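Here, each number is a calculation from the coordinates, and none is a lab measurement. On a predicted model such as this, the values are computed, not experimentally measured, just so you know. Using ideal geometry, Cβ is built from the backbone for each residue, glycine included, and neighbour counts are taken over all protein chains shown.
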Amino acid sequence: MDELRMLADALPDAPPPSAQVVARARARLAERRAPRWRWVLVAAVTVVLVTAVTLAMSGLMPQQGPIAPAYPEPPVTRGRLGLIASEVVGHSAASATLRFTPTSEDTELVVSCQNDGWRVFLPERGMTPCGVALPLGSEQEVTVWVFPPDAPADLRSSEDARRVAEELGERPGAWSAGVYDKPTAQTLKQVAELAARQPASTPGAYWQLTTTMIDKGGKKHTIVTWTPRDPAATTVRRDTTDDGECTSSEDPKEAPAPTPFDTDLALAALDGLPTDPSALSERLEAMSKKSGLSVSMYAALLVGLPLRPETRAALLRVTAELPTTTVIGYAQDPLGRTGLEVGILKEVAVHQLIDPASGVVLATLPQTDEGTAQTLVDQRWTDEPAKC
Amino acid sequence: MPVVFVKRVEPTRLNLKTHESIPAFRAKTDVSVRYPRNGADRVIVPVERVFDEHFAEIHRYIARRLSSDLADDLAADVFVAAMRGVHDPARGEIRPWLYGIATNLIARHRRTELRRWKALSRTPVDETDSHEDETVARVAARSLTSALAGALATLKRADRDVVLLIALGGLTHAEVATALGIPYGTVASRLNRARKQLRAVLGDVNPLKEGQDG
């Protein structure tokens, strides 16, 4: 046997990285991405002399002269709209073709250019400056050209554009094109797919939920509740205002019940919820019949609870199908986090802001003047409730 | 020709592995920019894809040389470092490049690695409390491990890098040259030297015999 094979077999193997490790590494990568550079690999068609090249400082140093169009990708949201197609191109005069499926009548195209004075050309529509939102109709495909300032302004067709591009030649400077459209119930189902892939957290004795509320006077309240998994234990609640006042309560009567599930659905029971959407839907209907609360009420309450990833995914799928559910669009919570704003309830004028990456509720946004936005800062399992 | 053709292969495809499935949070996959200049094809490789494709194996490579705990951080460091640089096409594929970065990060933990190989080489081979056949096989494997680990500890670092990139990373000789930024000939000579040392310790090992004696 070859000694290298032997070596490979004999040395202890390592377990694959845990989902948490992968998620953490991915998050570190994401942090580093602003602006999002792309890696560039030029697969030379001609023969490359690999061995002649030394790895300058082992690739840990920034390399000279990036070959990539180092230009940020279009932002993933634009107001309420979400990015549905995008391209980054390294120079003008050049074109990009974006293909997409419109979800509403509000589809728009935004082209951002690195260089001043560059202009956007859409065949049959004419020239506009960069950075302007251009409404798109029911197209499934749009070809965008970007030209330097010295391009003639009277271009009409794709043929014109191609001819002028050849005449002008290649100019350095990148640009990006993004197509934005309204998120839909389908988007919620896609969030469900991601939710299912979240790492499951290990339940502790208490589910700790940190919420901040800013009242009309601008006063900030931070409320932390420790809801026991064991329904016989006491809920602990700590209320801190920004002037330092802190009250703590272990009296179950004083501490507000986090949900109306206390009777028939303790936190521990959440693990027993079906992970299949249709089974979950039936379960919610049965609960609804028993209690008189609507299915959508259960959906809205459950989505804010510590569900296992697969249960959360099923719940989001059920929610997407509910007739009362409306996907409003992307929005920011008071902490500036972007989420998918969804109206689940008819009876209460409150929207849920759902993290598009995990399906977890970021905030509840009241739709009346009386309400106060509740921002869910943090939620986790813990074994010990803290006191004031 | 002054036109860049940008082509999205299948823009609506859902990739459920990462964020791609949400339109607004879709990572850029399936994007390639054909760039017909100087006879080279330019392909933009999104970070997410490189990460998805290579994180696990880079993690495993580091974990096998150092420890899983260290690999948790260092594997992420590899991709962060890789993102900071721009991959030089002349170095060939991305995979050996990543292994090169990993190897350089491992070099900073040389003492940890040496401790690991030494510890493995001391793993006891006698399993006196059992007479089962499977124990024999286990003992055999273990004695082989300790012999090879001992040999690894005595190799020069440069030689060890070459050997482990091939044995654990599965890189070809040319890829090792790429990863370490050394000429092909150097890879061959380092490998030869290391092989001799490994063979020498293997000659001393008769695992089955030792196992039965135990």
(message) Given points 7 Å out from each Cα along the Cα-Cβ axis, report the A:S104 to A:D116 separation in nanometres with one decimal.
(response) 3.5 nm
(request) Provide the net charge surrounding A:P199, with neighbours chosen by a C-beta distance below 11 Å and charges set as Lys +1, Arg +1, Asp -1, Glu -1. (result) +3
(request) Would you calculate the separation in nanometres between label points at A:K289 and A:D154, each defined as 7 Å from the Cα along the Cα-to-beta-carbon direction? (result) 7.5 nm
(request) Return the average number of partner chain Cβ atoms within 10 angstrom of each residue Cβ along peptide A:14-20. (result) 6
(request) Please give, to one decimal in nm, the separation of the simple spin-label points placed at A:R24 and B:A158, each 7 Å out from Cα toward the Cβ. (result) 3.5 nm
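Quick check on my link table: of A:K182/A:K219; A:K182/A:K346; A:K182/A:K220; A:K219/A:K346; A:K290/A:K346; A:K182/A:K289, which ones sit more than 23 Å apart, alpha carbon to alpha carbon? Before the final figure, lay out each step's value.
Details: A:K182/A:K219 34 Å; A:K182/A:K346 21 Å; A:K182/A:K220 32 Å; A:K219/A:K346 29 Å; A:K290/A:K346 19 Å; A:K182/A:K289 34 Å.
Exceeds cut-off: A:K182/A:K219; A:K182/A:K220; A:K219/A:K346; A:K182/A:K289.
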